[in-house]
2 protein chains.
Amino acid sequence: MEKLHATLRHLISISDEELNDFLALCYEKTFAAKAFLSHQGEISQEIFFITSGLTRSTIIDHAGNEHTIHFSLEGQFIADYTSFLVSTPSTNSVQALEETSVMVMPRKAIEWGYAHLAQGDKLGRTIAEFYFLYFDNRLKNQYVFTPAQRYENIAQIFPNIHNRVPQHMIASYLGISPVHLSRLKKGSR
Amino acid sequence: MEKLHATLRHLISISDEELNDFLALCYEKTFAAKAFLSHQGEISQEIFFITSGLTRSTIIDHAGNEHTIHFSLEGQFIADYTSFLVSTPSTNSVQALEETSVMVMPRKAIEWGYAHLAQGDKLGRTIAEFYFLYFDNRLKNQYVFTPAQRYENIAQIFPNIHNRVPQHMIASYLGISPVHLSRLKKGSR
DNA sequence: ACCGGTCATTAACATTTGTTTAGATTTTAC
DNA sequence: GTAAAATCTAAACAAATGTTAATGACCGGT
């Protein structure tokens, strides 16, 4: 709870009263390892703020294979935000990779924030800009670096990920097969 | 000019006076085909709104090869927005592919908007959310569809692009060689 | 109308990446 | 503690994609 406090105060100026009113609309929840925070096909009605633990987001491709498209760490927001924004069935599932505690921010809380927080829209803008930077960087990496280079750099984006996530999920994130990633590592030694 | 008018009014509610004050800080500019709206290495100090024409954004990879990472059409905003936000040298160049007219929105105008427009932050949030949706969709396509499928779908994202952009730039956008794209097309016939 | 450059296609060949299978090790669940 | 599952590596082979080079069509500028 304090973690979300600190994160919000870091992003915008917000009074104690505003903060309390907002947090009164949220609640805490803990998921066991491998539990799902949200499922593909459901319309996303909440945004999670991770206070401890780690999640991955997955998607199913045209051939029925699952891909890990994203990792989310402590201090980050996670949802199928496209589903949340547009109210379409989510294409992603979000799964805890460790025991993971989150603050659940229901749609009501978000909407209340935009309507009643003095800097609610600024908060939304700042978070959206943050994800713009993340996506833009990720896209550039795709064009600029080889898979081997992207593997070498991944810990800069997801600190300590090698100790927390199986390698085949990292390979999936990079868009290559686990066998191939193993090969690339061998080559770079 | 009317086009930016209409786009802004579509995104937020804004009074005539606010709109005029904001637009007074902007100006129109026209680029010839092949001219550069902005160059890699410079810090982006303005956002362009395309009123007519078409641009591409390019980036240079680790081996010195140029890639087309993005197209922008009439009615869209374009910049190296990461450079604009963080004030780092831009990694992208933006080039007109046809004669292209834009409204130039300098940093001063954007900042004025956030400070003085009643819904300035909401505007920023909405635009950032729009790009979130674009990037998220693009990322999912990368995992879910084959290059051939992505080629087939590209006109849904960039209407009429096949008649306006050379095929090798589309191949570059898709992340494949022009020779390979030609092969894929042959196979699907 | 011409000329030079850009562009799309094709073929041959090289390289990268995926798939399958197997084996050894580690982790997880009960 | 033990059995089952998950994980990583390895090798052999298959498929996808890149590279180079050649050709002809098309386009833009003069």
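The values are calculated or read from the model by the stated rules, or taken from the named source; none is laboratory data. Please read all numbers here as calculations on a predicted model, not as lab measurements. Methodologically, a virtual Cβ is constructed for each residue, glycine included, from the backbone with ideal geometry; neighbour enumeration extends over all protein chains shown.
For the reader, a short list of remarks on this structure follows.
- Number of the condition not met by residue A:160 [criteria: (1) surrounded by fewer than 18 Cβ atoms within 10 Å (Cβ to Cβ); (2) without any contact (Cβ under 8 Å) to a residue 60 or more places away in the chain; (3) on the phi < 0 side of the Ramachandran plot]: (3)
- Top-ranked residue in segment A:89-98 [being more than 14 Å from residue A:44 (Cβ to Cβ) and either part of a strand (DSSP E or B) or at pLDDT below 95 (or both); ranked as farthest from the other protein chains (Cβ to nearest Cβ)]: A:96
- Leading residue by the ranking (farthest from the other protein chains (Cβ to nearest Cβ)) among those in segment B:52-73 that are hydroxyl-bearing (Ser, Thr, Tyr) and either under 17 Å from residue B:38 (Cβ atoms) or surrounded by fewer than 14 Cβ atoms within 10 Å (Cβ to Cβ) (or both): B:55
- Taking segment A:146-176 as the range and being within 13 Å of DNA strand D (Cβ to nearest atom) and in contact with a strand residue (DSSP E or B) (Cβ under 6 Å, 6 or more places away or on another chain) as the test, the residues that pass are A:164, A:169, A:172, A:173.
- Test: residue in segment A:105-119 that is part of a helix (DSSP H, G or I) and over 26 Å from residue B:11 (Cα atoms): no
- Residues satisfying the stated conditions in segment B:10-22, i.e. more than 20 Å from the chain's Cα centre (by Cα) and hydrophobic (A, V, I, L, M, F, W, C): B:12, B:14, B:19, B:22
- Each residue in segment B:122-138 was checked for being more than 12 Å from the chain's Cα centre (by Cα), within 7 Å of chain A (Cβ to nearest Cβ) and hydrophobic (A, V, I, L, M, F, W, C), and 3 pass.
- Any hit, segment A:16-37, residues being within 12 Å of another protein chain (Cβ to nearest Cβ) and at pLDDT 95 or above: no
- Scope segment B:143-189; condition within 11 Å of DNA strand C (Cβ to nearest atom), in a helix (DSSP H, G or I) and more than 23 Å from the chain's Cα centre (by Cα); matching residues: B:179, B:180, B:181, B:182, B:183, B:184, B:185, B:186, B:187
- Within the option set A:85, A:54, being at pLDDT 95 or above and farther than 19 Å from residue B:135 by Cβ holds for one residue only, A:54.
- When the strands (runs of 3 or more DSSP E) confined to segment B:10-88 are screened for residues that are in contact (Cβ under 8 Å) with a residue 24 or more places away in the chain and touching a helix residue (DSSP H, G or I) at 6+ places or on another chain (Cβ under 7 Å), those reaching at least 3 such residues are found at B:46-52, B:66-73.
- Residues of segment A:70-110 that are under 9 Å from the mean Cα position of the chain (by Cα) and of a type in the set (S, T, N, Q): A:72, A:76.
- Residue within segment B:122-133 that is assigned to a helix (DSSP H, G or I), surrounded by fewer than 17 Cβ atoms within 10 Å (Cβ to Cβ) and more than 16 Å from DNA strand C (Cβ to nearest atom) present: yes
- Residue match in segment B:107-117 (condition: within 14 Å of chain A (Cβ to nearest Cβ), farther than 24 Å from residue B:23 by Cα and surrounded by 20 or more Cβ atoms within 10 Å (Cβ to Cβ)): no
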